[in-house]
């Protein structure tokens, strides 16, 4: 016969919620850091190949390094703030839903 495990105590449930929250936060941070690294690497690595193309009279490599990468960085910051706000809100909702 199979004995069902007892339900977790409120402290165990809170620790599990907190662990899941931080796991999601770390995963988000790692993904966005990889995007940041890829953006900075791509702008420098492909600069010679993109120098032959021009955009508004400027070499495309210059435009990507001066403007495009900065816009990607701003999007990373905005996406991080938006997603982390949702993760925190969901964590608080789950915490207070159980009455902890």
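What follows draws every value from the coordinates through simple rules; no lab data is involved. It should be emphasised that the depicted structure is a prediction, and the values quoted were computed from it without experimental measurement.
When shorter helices are ignored and each DSSP H run of at least 4 residues is given -39500 (n - 2.57), the per-residue value for the chain at 222 nm works out to -25000 deg cm²/dmol. Global dimensions of the chain from alpha-carbon coordinates: Rg and Dmax equal 22.2, 78 Å. Based on Cα contacts under 8 Å between residues 6+ apart, the chain shows a relative contact order of 36 percent.
The long axis of helix 10-45 is offset from the longest Cα principal axis of the chain by roughly 10 degrees. Overall shape: oblate for region 38-77, with the ratio a/c of the largest to smallest alpha carbon gyration tensor axis at 1.5 or above and b/c at least equal to a/b.
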